[in-house]
Every structure is written in C-alpha cells, then in structure tokens.
1. Kindly indicate whether any position in the range 191-206 is in contact with a strand residue (DSSP E or B) (Cβ under 8 Å, 6 or more places away or on another chain), polar (S, T, N, Q) and within 17 Å of THR41 (Cα to Cα).
2. Which residues, counting only those in the range 59-91, are surrounded by 12 or more Cβ atoms within 10 Å (Cβ to Cβ) and under 17 Å from GLN17 (Cβ atoms)?
3. Is it the case that some residue within the range 2-11 is of a type in the set (Lys, Arg), surrounded by fewer than 19 Cβ atoms within 10 Å (Cβ to Cβ) and not in a loop (DSSP other than H, G, I, E, B)?
4. Taking into account only those residues within the range 202-231 that are assigned to a loop (DSSP other than H, G, I, E, B) and among the small types (Gly, Ala, Ser), which is farthest from ASN9 (Cα to Cα)?
5. Is one or more of the residues making up the range 255-267 modelled with pLDDT under 65, not β-branched (Val, Ile, Thr) and not in a helix (DSSP H, G or I)?
6. In the range 124-142, what count of residues is obtained for those that are within 29 Å of the chain's Cα centre (by Cα) and part of a helix (DSSP H, G or I)?
7. I'd like to know if the range 150-160 contains one or more residues that are assigned by TED's automatic domain parsing to the domain that holds ASN48, among the acidic types (Asp, Glu) and in contact (Cβ under 8 Å) with a residue 40 or more places away in the chain.
8. Check ARG76 against each of (1) outside the structural domain of ALA23 (by TED's automatic domain parsing); (2) in contact with a Pro (Cβ under 7 Å, 6 or more places away or on another chain) and name the one condition it does not meet.
Amino acid sequence: MTKFYMDTNWFLNFYRQALDDLALLDELAKYKGTLIITRQTINEFLRNRVTTLKGVISEFKKSVDVPQPHTTALLRSFQAHEELKSITKDYRKKAKEVSDYLQQVIEDDKKDPVAQKLLDLWADAAVTILDPSDELVDKAFRRKLLGNPPTSPGKYTVGDELIWELLLANMKEDLIVVTGDRTFLENKALLQEEFSSRTGKTLILITEEFSSALKASGKTPSEKLIDVEKQINFEKQIAGKKNLPADLMWVTKGSGKHAAILCRRIDDLIDAYQVETGNDFSSDQHIVPIKRMIASLILAKCDQIDSLIRAEFGEDSEGGNDASVGN
C-alpha cells in the first residue's frame, strides 16, 4: 500500500489561503490509513500556527482599516452622512470582534477549528506517527553539515533533514511526498535514489498537490480537492506581486483566454466610469486587491466551465488555450 507524507506547509495553507471551507480536511481523513506524519511536522505546525495567525491578523487589520468620513458643518446637515458615520462605527466594531476572535484562536487552540480537526486526525490510531530518536537527530545534523538534500543552506535548524531521516528509517512501503518545500522538489532524483537504496521501496512522487498524489497512487481525487488546489496555485502565482499593475497578474492556465477577456472588460468598465464621472482612482491602492479578488472568482468559474467543455467535447477543445491579458 502506498503511503502519503504531507508536510507542514500543506496544513498551514488552511490559514493562509482563502479556501471555501474546512471540508477538505474531512476529505483528507478518508485516507488516514495511508497517512504518515512525523512528530517534527506536528511540532512545526504548532509553532508556525501562531506566527501564521499573527500574519493573518495583521493582514486583516490592514484590509479593514477604514477612516472616518470627512465631516464639515454642511455634511452634518445631511442624514445620509450621519448614517454613513454610523455604518463606519458598526463596521469598525465588527472588525474588532473578528480581530479579538483571531487573538483568542492564537491563545487557545481549542477555539481553532483548523487545529482541532488536524489534532483529531493525527490522534487517530489509523494515522502513522514517526517519533524522532537521538540517533536520527545526529544523522540529521550530519546531513546538514554535508549539505545533502533535503537541506536549506540559509537555515540553522534541521527540520527537513530530520523528517527525511525519519522516513528513511521507518518506511516499509512505497511513498509519495506532498510538499511545497523547494529542497524536496528540486532534488527529486537524488531523494528517489537514496530512498530506494535505504528502504528497498520506491519514492513514487514528490508533488505540491495532494490530488496528484492520489492519482499517482491509483486513487481518484474529488473535484473539490482539485478545485481547491487550483485556487491555491493561482494565489501563489500572484503572491509577491502586490506592487505590479493588476493587469500584469492575469497569467492563467486552462481557460486563461476567456478569463483574460472578462478581466479586460472589467478594466474597460472602470475606465468608462472614470471618464463619465471625472473621478480618477487609477492610483488607488484599494483597486488592485479588489481586481485580484474579482479575477480569482472569474478564473474559478471559467475553469469550471472549461472542465465541462473538455469533458463534453474532448481535451483539444477551445477551452484549453493558455493566455494572458497582455496578449
């Protein structure tokens, strides 16, 4: 039976990404009998959970930072202005409630639905947990000193090295590793050779996608899982590009051409509105994240339609063309 190892970052995505819900964790539980987790991974999750949630709070506060409406004697005479002030006050109150809730989640993991689902899963007897030993820690340090993958030159810790030594020492079945860590992904051939020589088994695949892992093991991933991982990959594509013009971010796959056309249409509507009203908000920093959000929704819907077109008319149908807005 092929086993799956999921790394820490896969689980942390439930804090970082705008996923629809937590049902995907329930789906993961369906495969608990094939899951491998290391004690190091659990500890990394618990440590990074706090840091990640602090980042979530920081980004949330930035996103809801709304100034009080400008006020003059004239504006005070309008009922709508007073209503706007009231709405702003209520908005800030609700925003504080969300921030306070997130702070409670940091301080008490029992209030954290992600952590609770994962801790319950990892506590299940069907899940295999690998515990480190002093001998394996020593081997991890040796791997670090020699520079043998998986290792990260800029890090002083030996987390990846220890996880790999745990897998080498304990695996009795073929393995698939699900990770976004470059030190694994960029050294597939070396790791596959070492795994085979040390365990006598096969490291079938190293991938960022659990859906790909399931396919490689002969299982069929759900459409929900495929859609969620497609969403994660799209958000990764635009990560780190916050200072670029929004129209440079529409590099999409699958139904990209159709999504690009719709996104260009949105730009046309915004331009027309500015001409009609005389308001120029092209440099408004709030526009870019709004357009990103709209693009994400458009892409998801276009990809859904593209999948239907492919299923009905075949893979070579028009829906499968790649494109970007710049074309």
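1. No, the range 191-206 has no match at all.
2. The answer is PHE60, and nothing else.
3. no
4. Taking the candidates together, the pick is GLY218.
5. Looking for residues that are modelled with pLDDT under 65, not β-branched (Val, Ile, Thr) and not in a helix (DSSP H, G or I), one finds at least one in the range 255-267, hence yes.
6. 1
7. Checked against the condition, which is being assigned by TED's automatic domain parsing to the domain that holds ASN48, among the acidic types (Asp, Glu) and in contact (Cβ under 8 Å) with a residue 40 or more places away in the chain, the range 150-160 yields no hits at all.
8. With (1) outside the structural domain of ALA23 (by TED's automatic domain parsing); (2) in contact with a Pro (Cβ under 7 Å, 6 or more places away or on another chain) applied to ARG76, the lone miss is (2).
The values are calculated or read from the model by the stated rules, or taken from the named source; none is laboratory data. Computed from a predicted structure; not experimentally measured. We place every Cβ from the backbone using ideal geometry, glycine too, and count neighbours over all the protein chains shown.
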